[in-house]
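*Asks:* Submitted below is the structure of interest, expressed as structure tokens.
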């Protein structure tokens, strides 16, 4: 990270846990010359950000979702169990650590390392301090799912929209393309940690935990208000929270979605789930499956596929038939290869010989890529190096000395 934001060595050496679903752990090749990676295509990359005072292990339930929906999952570790997300919380906020830069580095690193990861198909879910974090860094992602934490000033939310219009490039949803940023927000009416009515210094309002109110200014912005700003300014919905899309009376859950949005914009309000920490987050949050479905549906539809929630499958047409999310399998056509300068084949070389050579090159590339995956070898990235870790699921990034 930038030396100005990480004067301590522990602040510069960052760790994330990487989970790869079983679908990518098949044999590297078959008798037909195919492989898991080239037959599956590009998979969604999903981040899961923990709460203040938690570790990444609090989000381990999402490994089951990653397995079920065929996601590549990242569970990043915050320094001192905290994230710097402007309003919340703790050490990372006090030291102004560049956690947004940390997330961006992970995306770049995995995109450079694996054929089945793309910067264009990245999603994030976050709980509490993690909810603040994922909405603060929302411009890195196609869709975000904040749980019991959110950015609540209009200027912070609108920055997501201005990031797209001003930069014209970037990671995630395709900056400047008018696709918006999907939102699947969750909050409970009786949350005493992060109030549904917002966190601010106004003495008439309930105080939130962990010093969040002191960071929030004198005007509280409720969950409803923040959601409406996101719906109208970021995703340009014709109306906010207008259509009931899910209701579970027994658990006191009602979800409403904006109409006419350029990206799915949904708020789920819970009557009595508090801060979703009853026993543990894995037990206290009831909609893991729905979060997985939200991301999977978007990944499928962005590639013009048809998503089935019942079968948890994306149906594809065209060149990407057979890939899980209708992406990453489009081959270069034979005609293109024959006419490309420097390819090394004359026009009278037989197609059989050409195909045989292409298969040999492809299988060699697959085996090399697979060898890197199973041995934890990654490509170096912009002055970063990988530090060996005793935990196989941990990957540490450390900036090289200048």
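Just so you know, all these numbers are worked out from the coordinates, no wet-lab data involved. Values in this document were obtained by computation on a predicted structure and should not be read as measured data. A quick note on method: Cβ atoms are made from the backbone with ideal geometry, for glycine too, and the neighbour counts reach across all protein chains shown.
*Asks:* Arrange 269, 122 by Cβ neighbour counts within 10 Å, fewest through most, would you?
*Replies:* 269, 122
*Asks:* Projected area of segment 3-315, taken from the Cα convex hull and averaged over every viewing direction, in nm²?
*Replies:* 16.7 nm²
*Asks:* Which percentage, to the nearest 5, of the DSSP beta bridges contained in segment 3-315 is antiparallel?
*Replies:* Looking only at bridges with both residues in segment 3-315, the antiparallel portion is about 45 percent.
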